[in-house]
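S.K.: Input: one structure, supplied below.
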Amino acid sequence: MSESFIGDRLRQLRLINEKSLQDVGEAIATTKQYIQQIEAGLQKPTEMTQSALADYFGVSKSFFTQQYNHIYETECNFRKAKSTPVNVKEKAQQYASLLEEYIKFLDEDEFDLPIISFLKEDIDYKNLSALNIEELAEKLRKEWGLDVETPIDDMTKALENAGAIVTYFKDLSDKIDAFSISRNRPLVIRNNEKYNGCRLRFDLAHECGHLVLHKCSDNAEDIELKEEQANRFASAFLLPRKGFFQEFYGVFAGMSINWRKMAELKKRWKVSFASMIHRAYDLNIIDAVRYRSAYIYLRKSGQSKTEQGDDYINIETSSLLENMTNHLVANDIEDLASFIRNKGWSADLFAKVMSFNVDKVKEYMGKQTNIINFQDFKIS
């Protein structure tokens, strides 16, 4: 009997691999009730059971004895939190938990990652006004060395330069719009299936808003308020009031809107027509009648979801995590392989957590596994 088996580690693998208690039980010739008891810490599996579980999930037995890095749902800011299925959120949390283990290794042992810079003051989000959020967005721009009157060229790089890790999880990408976690190092998990540069940038700015405004979320209350605040922050951050006002003013002539001018602004600011119209209304540049008229035009012209000019906005890509990993592969691949082995992971599990190609890691570890040390054999 093992005294150090951690049931949460088994549950982690089960959720990541989308296996039910019944699936695991049948795979190792036991019952789902027994697997459930193991996960809950009510039963300690035998050595043979541990070996069977390790074989089934393709990891080392030591995986189940590693300290579990628990990420709670209340620590995560899920886009569309109410409509995202519970099992999808749980799987995302387990992926993020493993990713954090790897980032800690990179941060403490391998690289000097960028200093985390998401404003340091404590913010009481329940008492924030629209003006407060406006001012915080401008303050963050200044802290990041961004002009308060011009567009942000690359929202992804801005987040990475401020110390965040931006990535996605391959088999979750179409199920989650985006989510963020503010712990030791901020994580922003994006949707890589969202082939719309404007919406992706807004999602990233939205998660940035959560990281600034809702750092110490310890409950699931006020989800709608937090989402509305993050949206307002994203709008203010991507379209700062002074610069946007100067360029947008005059787009309307009477009740008509100059859509050619709007297309130019969209290409320059890299935000959607809908976002610009909403921002203009928030800043009182247009009234409710013009706001409604513009949205009616977008709907009637078939631009409610996909707008004209979307294809001019590039899909931003994250690079920090991939660049660090590729550096290790090229220069210290044994250090990386040692991390994976010491954690009890497999190269396949590492590949599931990463959003980029790690075939060289899998190839290297496969060769190491197949090496036979003849000194270990005694010939009598």
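The values are calculated or read from the model by the stated rules, or taken from the named source; none is laboratory data. A quick note: this is a predicted structure, and the numbers were derived from the prediction, not measured. No Cβ is skipped: glycine too gets one built from the backbone with ideal geometry, and neighbour counts run over all protein chains shown. These accessible areas exclude ligands, DNA and RNA; they are computed on the full protein's heavy atoms, side chains included. Shrake-Rupley method; radii C 1.70, N 1.55, O 1.52, S 1.80 Å.
S.K.: Do any trypsin sites (Lys or Arg not before Pro) in the range 74-172 lie in a loop, going by DSSP, with at most 15 other beta-carbon atoms within 10 Å of their beta carbon, and if so which? Before the final figure, lay out each step's value.
M.R.: Numbers: sites: 79, 80, 82, 89, 91, 104, 120, 126, 139, 141, 142, 157, 170; in loops: 79, 80, 82, 120.
Sparse-neighbourhood loop trypsin sites (Lys or Arg not before Pro): 80, 82, 120.
S.K.: Would you mind getting the accessible area per residue of the range 73-130, heavy atoms of the protein chains only, 1.4 Å probe, in Å²?
M.R.: Numbers: 2950 Å² over 58 residues.
Each residue of the range 73-130 exposes 51 Å² on average to a 1.4 Å probe.
S.K.: Using a 1.4 angstrom probe and counting only protein chains, how large is the accessible area of residue 6 in Å², to 10?
M.R.: The accessible area of residue 6 comes to roughly 50 Å².
S.K.: Kirkwood Rh, Cα Rg: Rg to Rh for the range 122-211? If you can, show how the numbers build up before the last one.
M.R.: On the way: Rg = 13.7 Å, Rh = 14.1 Å.
Here the Rg-to-Rh quotient is 0.97.
S.K.: Work out the P(r) tail for the range 300-360: percent of alpha carbon pairs separated by more than 20 Å, whole number.
M.R.: When all Cα pairs of the range 300-360 are counted, 46 percent exceed 20 Å.
S.K.: For the range 28-87, what's the radius of gyration and Dmax over Cα atoms, in angstrom?
M.R.: Radius of gyration, then largest Cα-Cα span, for the range 28-87: 15.3, 43 Å.
S.K.: Rounded if a/c is under 1.5, else prolate if a/b is larger than b/c, else oblate: which is the range 195-276, with a ≥ b ≥ c the root eigenvalues of its Cα gyration tensor?
M.R.: Here the range 195-276 falls in the prolate category.
S.K.: When a/c is below 1.5 the answer is rounded, else prolate if a/b is larger than b/c, else oblate, so apply that to the range 238-380 with a ≥ b ≥ c taken from the square roots of the Cα gyration tensor eigenvalues.
M.R.: prolate
S.K.: Let me check I've understood the local charge: for residue 184, count other residues with C-beta under 13 angstrom from its C-beta, Lys and Arg +1, Asp and Glu -1. What total comes out? It would help to have the intermediate numbers written out before the result.
M.R.: Working: positive: 104, 183, 185, 215; negative: 75, 100, 101, 107, 108.
Result for the neighbourhood of residue 184: -1.
S.K.: Please check: in the Gaussian network model of the chain (C-alpha springs, under 10 Å), which one of 122, 282, 154 has the largest mean-square fluctuation.
M.R.: Residue with maximal mean-square fluctuation among 122, 282, 154: 122.
S.K.: Quick one: Debye curve from the C-alpha atoms of the range 12-55, no solvent, what's log10 I(q)/I(0) at q = 0.19, 0.24, 0.31 Å⁻¹?
M.R.: So the normalised log intensities work out to -0.51, -0.84, -1.35.
S.K.: Leaving out ligands and nucleic acids, and using a 1.4 Å probe, what accessible area per residue does the range 224-263 come to in Å²?
M.R.: With the other protein chains kept in place, the range 224-263 gives 48 Å² per residue.
S.K.: Let's see if you can work this out: charge +1 on each Lys and Arg Cβ, -1 on each Asp and Glu Cβ, no other charges. What is the dipole magnitude of the chain about its Cα centre, in debye to the nearest 20? All intermediate terms of the calculation are to be shown ahead of the outcome.
M.R.: On the way: 51 positive and 58 negative charges, 258 e Å.
The calculated dipole for the chain is roughly 1240 debye.
S.K.: Set the Förster radius R0 to 22 Å, insert the Cβ-Cβ distance between residue 86 and residue 222 as r into 1/(1 + (r/R0)^6), and round the FRET efficiency to 0.05.
M.R.: With a Förster radius of 22 Å, E is 0.70.
S.K.: Per the helix-only calculation at 222 nm, which mean residue ellipticity applies to the chain, given -39500 (n - 2.57) for every DSSP H run of n ≥ 4 and division by its residues, nearest 500 deg cm²/dmol?
M.R.: -15500 deg cm²/dmol
S.K.: Compute the separation of the alpha-carbon centres of the range 129-174 and the range 1-35 and state it in Å as a whole number.
M.R.: 40 Å
S.K.: Defining a contact as two alpha carbons under 8 Å apart and six or more residues distant in sequence, what relative contact order in percent does the chain show?
M.R.: It rounds to 18 percent for the chain.
S.K.: Rolling a 1.4 angstrom probe over the protein chains, ignoring ligands and nucleic acids, what is the accessible area of residue 327 in square angstrom, nearest 10?
M.R.: 90 Å²
S.K.: Taking just the alpha carbons, could you work out the radius of gyration and Dmax for the chain, both in angstroms?
M.R.: Rg then Dmax for the chain, in Å: 24.4, 99.
S.K.: While we're looking at this one, here's another question. Out of 323, 276, 313, whose Cα points farthest toward the positive end of the dipole of the range 236-341 (charges: +1 Lys, Arg; -1 Asp, Glu; placed on Cβ)?
M.R.: Positive-end residue among those listed: 276.
S.K.: Under 1.5 on a/c is rounded, so check that first for the range 71-137, then, if it is not, pick prolate when a/b is larger than b/c and oblate when it is not; a ≥ b ≥ c are the square roots of the alpha carbon gyration tensor eigenvalues.
M.R.: oblate
S.K.: Let's test the formula: R0 of 25 Å, r as the Cβ-Cβ distance of residue 362 and residue 27. What FRET efficiency results, to the nearest 0.05?
M.R.: 0.60
S.K.: Could you tell me what percent of the accessible area of the chain is made up of carbon and sulfur, with a 1.4 Å probe and every protein chain present?
M.R.: Numbers: 9080 of 19000 Å².
Roughly 48 percent of what the probe reaches on the chain is carbon or sulfur.
S.K.: Using the structure shown, select from 157/226; 32/80; 19/157; 104/126; 194/352; 44/343 the pairs with a Cα to Cα distance greater than 26 angstrom.
M.R.: Violating the 26 Å Cα-Cα cut-off are 32/80; 19/157; 104/126.
S.K.: Only Cα pairs under 8 Å and at least 6 apart count here; give the relative contact order of the range 240-377 as a rounded whole percent.
M.R.: Rounded, it is 15 percent for the range 240-377.
S.K.: Under unit Cβ charges (Lys, Arg +1; Asp, Glu -1), what dipole magnitude, rounded to 20 debye, does the range 129-286 have relative to its Cα centre?
M.R.: 540 debye
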